[in-house]
Amino acid sequence: MAHPADTDPTAGLARGSHERESGAGDAVVLDRRDLLRLSGGAAALGLLATRVVPAEASPAPGSTSPAHRAQDVQKNASLAVPFNPFGQQLSLHPHRAPNWGPFWVMLPNVWSGLLGFNEKGDVVYDLAKSIAVADGGKTYELKLRSGLKYANGHNVVAGHFTDSWKAALDDQSLAPMSMFMSPVVGYDAYITGDHRQIGFEAPDDETVRIKLTEPLSYFPAYLATFVWAVIDPAVRASASDQDLPLKDAAAGQWRFTAFTDGQQIVMEPSKHYWDAQSPSLKKVTWLIQDGNEAEQNALTLYQENKVALADVTSSLHATVTKDKTLSGELRTIEDPSNTLSLAMDFSQAPFDDVRIRRALATSIDRGAWVKDAWGGAYAAASAFTPPAIVKITGYDAPAAMPFDANKAKSLLKDAGISDKKPLPQIVLYLPAEQSGAMEDQVQALLKMIETNSGIAIRLDATKTADQIQALQQDNGGRQIDLISWWVATDTPSLLSYACRSDSPYMDGWFNWNSKIKATGGFDPGKDSKTFDDLVARGDQELDATKRNGAYHDAEALLLNNAVYVPLAHMLQMYVQKPWLKGTRQGPWSGSLPVRFDKNVVVLKH
């Protein structure tokens, strides 16, 4: 991949179905969901009470539900599921594991923190029983559940959390996920070796207190990531990084019992977890599937009854829907958490003129393109912010510019484009390594744009990702590109992370900033400044209504300037055996159950 996500620590957050197919800027994952709704009412001790969204109830194992009757449940069941690390180095250590989607779903089964995520992206309690916010959103205080133990039987106390977090920020071995601790007071100095001060403490065995440099409305989502998991300090002091995960130093529902790199990972229940375990599952084996054929191999294993579920990527969609058995077991996750968009560089002609950007945007009939080119694997986008965020937060996303071929041609005419003054050459690059998965679909899109507006765009799928990156560096940006964004908080803070002028995905990419001059009745420079102010306000606003309002006004400016032109949402799909019951999958977890918890059972089959 040739984009900032290769080096930026936020790349590869919750990947949902974990499918990698988009343009040269493929599959950037952003801002995980902030899920704690912060109320404005004062509570005892001067703290602002927060509400953690409770996990949705599933039918309880052994209940009178036909799917879960005790006599139907298979005891001591073993389950196998595919795991695709997408070329990332495999590590089961929460301070060594890469910041990539599948790890977000697998590791929390073993490594527990104060908070966690449900399948929709809401933050839920894990080892904490309460949370409160003080100091205008800059201090978080969490209380631990009573009687917590590690898998080895040792007691968990609050000081173990702060010790674990300091280890994650060790300047000699900084955790790949450490950026999710970056809002904490003293973070920058601490990770460079100045260990005199860091903004978390344990005033007693049941209380953890975290201080931030400034309010951050989605900080609870950061706190729910696995880098904040607690590690038994007695084990950490005596075990190496390589064997730590097999030393029962975690406080989660499961314990890792075997790890064969490149082959499989095995986990079994922890008898010391604070909540009940599945009455059925006694072993889960993650079969590692990596490389270009990973999804196809997983589907083959599924057909051979060797795994219980498998992703159905868009490239496999037609194969699955044509198969009677597979199509009957196909599931589609509602409310996608991703948006495939076109983006254009303000610093390169012809997209330094907003009228031409808008002409391109209004020349796209999203519904027709999705229907004709994707055959049910994608849904047309109506906004930049994905539907999952709208559903979770009640956010009112402004609509993207509608299809209007006449308006597209009129805008080009206003911009002075004619036979005597044609547009300069426009080239969209797809990395040669990835082009096969969607080259036909992109060609169809470019043909639609040219038919409806006269804007001709040449597709080049001959260059490698590294060569495309070199072109970007030479030109100071990308003239035009396809980007697939995946959200990472339940606020629309994706807008801030992806689109503010100083974002690593804007500066040096598409270059929307306050220095751009007004032209043709549009003032993108002024709008960029206003946008930055609005998203900064949204990022810090604790009141959900005010926060959504700031983000709404910001997104309207984004769409008005055609900074990003939303196209479609990939529909996350998977197949699952009918005898596996009680799983919860959603836009955050994709095909993998968010947890193999007490509700997940295998029926006799």
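Values as computed for the structure displayed
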item: Ile483, Ile389 arranged by Cβ crowding within 10 Å, fewest neighbours leading; result: Ile483, Ile389
item: Three-way shape label, region 98-201, alpha-carbon gyration tensor, a/c 1.5; result: rounded
item: Residues His552, His569, His195, sorted so that the one with the fewest Cβ neighbours within 10 Å comes first; result: His195, His552, His569
item: Ratio Rg/Rh [Cα only; Rh per Kirkwood] for region 505-605; result: 1.23
item: Taking region 106-194 and dividing mean pair separation by its residue count, relative contact order in percent (alpha carbons under 8 Å, at least six apart); result: 14
item: Relative exposure of Asp419, Asp261, judged by other C-beta atoms within 10 Å (fewest first); result: Asp419, Asp261
item: Gln264-Leu246 pseudo-label distance in nm [points 7 Å out on the Cα-to-Cβ vector]; result: 1.4
item: Under DSSP loop assignment and at most 14 Cβ neighbours within 10 Å, longest trypsin sites (Lys or Arg not before Pro)-free interval of the chain; result: 76-195
item: R0 of 41 Å, Cβ-Cβ distance Ala276-Glu433: FRET efficiency to nearest 0.05; result: 0.35
item: Shape category assigned to region 418-487 from the gyration tensor of Cα positions, a/c cut at 1.5; result: oblate
item: Those chymotrypsin sites (Phe, Trp or Tyr not before Pro) in region 544-605 that DSSP places in a loop and that have at most 12 other beta carbons within 10 Å; result: none
item: Sparse-neighbourhood loop sites, GluC sites (Glu not before Pro) in region 261-356 - DSSP loop, at most 11 other Cβ within 10 angstrom; result: Glu293, Glu304
item: Helix-derived mean residue ellipticity, 222 nm - over the chain, DSSP H n ≥ 4, -39500 (n - 2.57), to 500; result: -7500 deg cm²/dmol
item: Phi to ³J(HN,Hα) by Karplus 6.51 cos²θ - 1.76 cosθ + 1.60 over region 229-246, Hz, x for Gly, Pro; result: 5, 8, 10, 4, x, 5, 6, 4, 6, 10, 10, 7, 4, 5, 9, 3, x, 9
item: Radius 12 Å from Cβ of Ala343, net charge of other residues (Lys, Arg +1; Asp, Glu -1); result: 0
item: All aspartates and glutamates inside 15 Å of Lys143 as judged from Cα atoms, apart from same-chain residues fewer than 8 positions distant; result: Asp126, Glu201, Asp204, Asp205, Glu206
item: Cβ-Cβ FRET estimate between Ser327 and Lys75, R0 fixed at 25 Å, reported to 0.05; result: 0.20
item: Rounded to 5, percent antiparallel among DSSP beta bridges of the chain; result: 80
item: Tilt relative to the chain, helix 294-303 - C-alpha long axis, 0 to 90 degrees, to 10; result: 60
item: Contact order normalised by residue count of the chain, Cα under 8 Å, 6+ apart, percent; result: 23
item: Added length on full extension, which subtracts the Cα-Cα distance from 0.36 nm per residue, Thr319 to Thr451; result: 44.4 nm
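Since every read-out is calculated from the coordinates, none of them should be taken as a lab result. Keep in mind that this is a model prediction, so the values were computed, not measured. Virtual Cβ from ideal backbone geometry, glycine too; neighbours counted across all protein chains shown.
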